[in-house]
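Undergrad: Sharing a structure with you now.
The values are calculated or read from the model by the stated rules, or taken from the named source; none is laboratory data. These numbers come from a predicted model, not from an experiment. We place every Cβ from the backbone using ideal geometry, glycine too, and count neighbours over all the protein chains shown.
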Amino acid sequence: MAVLLIGTLDTKGTEVAYVRDLLREAGLAVVVMDTGSRGAPALAADIPREAVFRAAGTNLEAVGQDRGQAVEAAARGAARLAAQWHARGEVEGVLGLGGSAGTTIGTAAMRALPFGLPKIMVSTLASGQVRPYVGVRDIFMLNSVVDISGLNRISRTVLANAARAMIGMVSQKTPSVLGPQRAGASADVRGLTPSDRLPLITATMFGVTTPCVETARRILEGEGFEVLVFHATGVGGMTMESFISDGMVQGVLDITTTELADELVGGILTAGRDRLTAAAMRGVPQVISVG
């Protein structure tokens, strides 16, 4: 297994090489993915840019000098390749670095991977509004402080810290407490506590539904279930839907469906049009209320 290191090697090749070498010095295998599209890459990639664009159903000639199209295609291709590598059991972590384009591409690949797999994005955008990049995945966004343009005393420190964080995550693996998340996978139950083996129920909650949900949670836990409670603030509902879609959940207690009202009448806490669909599509039992 290897750490997937993602960057545009025409503009960030020196920085990618620096991080790659730090990871290798720690004994980790590294697979470098080049998501650049214009200038010549500064180092050889294990996954060349041609493969990335081919995975997106296009090629470098087709996107030409259109930067927007190139970034969109590279994001699609990187996501598909990352998912394929993970499905084969070949990825143990993902680390990306970049500016606006690199962040768009790198986090697209990370969002295609399951909860629990280490994901670190060193980004010039990390101190801003990062919801479009993080989505509902457990992505660590690390502020690059300075632009990722050459190695200096600041960038070396930030990049080295990112590498050390990844080294720590993959060397101290946390057992998969949520079960299989890819086709053909089997859960690694080594190191799990008894509570980690309990069937999983998700629930939604707001302040006004707290007494109901808390009472139901205690009853369910007394019957041998573990309950994950999601705050129905938009991202909470989206995250719950993703957990259900990924096959992690055995039952849904959807007491707080206000995110649907936000979607229908223009509120600010919508979870999107797909809210309340995952359980039905997966055949997961659900109890729904209008709290």
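Undergrad: How many of the residues in segment 66-100 are in a helix (DSSP H, G or I), touching a Lys or Arg at 6+ places or on another chain (Cβ under 9 Å) and either at pLDDT below 95 or surrounded by fewer than 20 Cβ atoms within 10 Å (Cβ to Cβ) (or both)?
TA: Residues that pass the stated criteria total 3.
Undergrad: Only one of L43, L4, L28 is in a loop (DSSP other than H, G, I, E, B) and in contact (Cβ under 8 Å) with a residue 60 or more places away in the chain. Can you tell me which?
TA: Selected residue: L28, the only one of L43, L4, L28 that is in a loop (DSSP other than H, G, I, E, B) and in contact (Cβ under 8 Å) with a residue 60 or more places away in the chain.
Undergrad: If we scan segment 268-279, do we find a residue that is touching a helix residue (DSSP H, G or I) at 6+ places or on another chain (Cβ under 7 Å), closer than 24 Å to A83 by Cα and among the acidic types (D, E)?
TA: Among the residues of segment 268-279, at least one is touching a helix residue (DSSP H, G or I) at 6+ places or on another chain (Cβ under 7 Å), closer than 24 Å to A83 by Cα and among the acidic types (D, E), which makes the answer yes.
Undergrad: If you don't mind, another one. Determine, yes or no, whether A55 is over 16 Å from D10 (Cα atoms) and either hydrophobic (A, V, I, L, M, F, W, C) or surrounded by 19 or more Cβ atoms within 10 Å (Cβ to Cβ) (or both).
TA: So A55 fits the description; yes.
Undergrad: Can you tell me how many residues in segment 171-219 are modelled with pLDDT of 70 or more, under 23 Å from the mean Cα position of the chain (by Cα) and over 22 Å from S245 (Cα atoms)?
TA: Result for segment 171-219: 3.
Undergrad: Does A112 satisfy the condition of being crowded, with 19+ Cβ neighbours inside 10 Å, without any contact (Cβ under 8 Å) to a residue 60 or more places away in the chain and within 26 Å of E50 (Cα to Cα)?
TA: When the stated conditions are applied, A112 passes them.
Undergrad: Have a look at E50, E25 and point out the one that is within 24 Å of A87 (Cβ to Cβ) and over 23 Å from the mean Cα position of the chain (by Cα).
TA: Among E50, E25, only E50 is within 24 Å of A87 (Cβ to Cβ) and over 23 Å from the mean Cα position of the chain (by Cα).
Undergrad: A further question on this structure: Being surrounded by fewer than 20 Cβ atoms within 10 Å (Cβ to Cβ) and outside the structural domain of A83 (by TED's automatic domain parsing): is that true of E221 here?
TA: yes
Undergrad: Can you name the number of the only condition in (1) without any contact (Cβ under 8 Å) to a residue 60 or more places away in the chain; (2) among the hydrophobic types (A, V, I, L, M, F, W, C); (3) within 20 Å of G207 (Cα to Cα); (4) buried (at least 17 other Cβ atoms within 10 Å of the Cβ) that M238 fails?
TA: The single condition M238 does not satisfy is (1).
Undergrad: When segment 95-132 is examined, which residues are found to be farther than 14 Å from K12 by Cβ and among the small types (G, A, S)?
TA: A108, A109, A112, G116, A126, S127, G128
Undergrad: Every residue in segment 241-277 that is surrounded by fewer than 18 Cβ atoms within 10 Å (Cβ to Cβ) and of a type in the set (D, E, K, R), please.
TA: Of everything in segment 241-277, those that are surrounded by fewer than 18 Cβ atoms within 10 Å (Cβ to Cβ) and of a type in the set (D, E, K, R) turn out to be D246, R273, D274.
Undergrad: So, in segment 127-166, exactly how many residues are surrounded by 13 or more Cβ atoms within 10 Å (Cβ to Cβ) and within 18 Å of the chain's Cα centre (by Cα)?
TA: Selection size over segment 127-166: 16.
Undergrad: Of all the residues that make up segment 1-50, how many are over 21 Å from S144 (Cβ atoms), among the charged types (D, E, K, R) and crowded, with 19+ Cβ neighbours inside 10 Å?
TA: Here the count works out to 1.
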